[in-house]
Amino acid sequence: MTVHDFDERLAFSHSQSDAPWWGEVYRKAFPTLTAVIDVRDDGWAQRGGIDRLIVLNDGTALKVDEKVRTVAYPDILLERWSDKARRKPGWMQKELTCDFVAYAFVPTAVCYLLPWQLLRRAWIENGREWIASCRLVEAQNRGYVTESVAVPIQRLLDAVRDAMVVSWTRAAA
């Protein structure tokens, strides 16, 4: 089993944040883009899930958490536990301040821009079922194990779409 090293993973993450294709992704996704700002240093922004600020020409600033996979899997990994034994919540269970999770697959040159609040709602409503029915992926790190849930891409996208629709009781009207 491969043991992940935090410093090596951080260096990999930084190398991916410098990848030129991110600029193409953001230009295509946000036609009025005026600036892309890398948020690399540790601090409140990084801890809130912000890797990048996208500034639009109307002044809107969008906060993006970037995830990169170097193999084209048919699923998206949602980190349940950053430290399974100590029950430290993974990014999917945290209160992040990002607007989007940009989940990129390098081999296929595809990036899914997942609206964070809708992704969170989808997790809250479906997480238990995904944990029971989807593949759990454990990553052995030095001194701890990270656990993620591998949700098939279409299943996740359907859940995020469903999270966009909210119903209320007629009595509340």
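The values are calculated or read from the model by the stated rules, or taken from the named source; none is laboratory data. What you see is a predicted model, and the numbers here were worked out from it, not measured in a lab. Neighbour counts are summed over all protein chains in view; Cβ atoms, including those assigned to glycine, are modelled from backbone coordinates with ideal geometry.
Values as computed for the structure displayed
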| item | result |
| --- | --- |
| Meets criteria (assigned to a loop (DSSP other than H, G, I, E, B) and more than 14 Å from the chain's Cα centre (by Cα)) for residue 97 | no |
| Flag for residue 59 being modelled with pLDDT under 95 and assigned to a loop (DSSP other than H, G, I, E, B) | no |
| Selection from the stretch 62-109 of residues that are closer than 17 Å to residue 152 by Cβ and among the charged types (D, E, K, R) | 67, 69, 75, 79, 80 |
| Selection status of residue 155, of a type in the set (Lys, Arg), surrounded by 13 or more Cβ atoms within 10 Å (Cβ to Cβ) and within 27 Å of residue 84 (Cβ to Cβ) | yes |
| Residue 68 being among the β-branched types (Val, Ile, Thr), surrounded by 15 or more Cβ atoms within 10 Å (Cβ to Cβ), touching a residue at least 40 places away in the same chain (Cβ under 8 Å) and outside any loop (DSSP other than H, G, I, E, B) | yes |
| Boolean, residue 112 is closer than 14 Å to residue 156 by Cβ, surrounded by fewer than 19 Cβ atoms within 10 Å (Cβ to Cβ), of a type outside the set (A, V, I, L, M) and under 10 Å from the mean Cα position of the chain (by Cα) | yes |
| Long-range neighbours under 8 Å by Cβ, at least six apart or interchain, first residue within 18 Å of residue 116 (Cβ to Cβ) within the stretch 144-156, second modelled with pLDDT of 95 or more and among the aromatic types (Phe, Trp, Tyr) | 149/130; 151/130; 153/112 |
| Sole residue being surrounded by 12 or more Cβ atoms within 10 Å (Cβ to Cβ), modelled with pLDDT of 95 or more and closer than 29 Å to residue 158 by Cβ, chosen from 33, 53 | 33 |
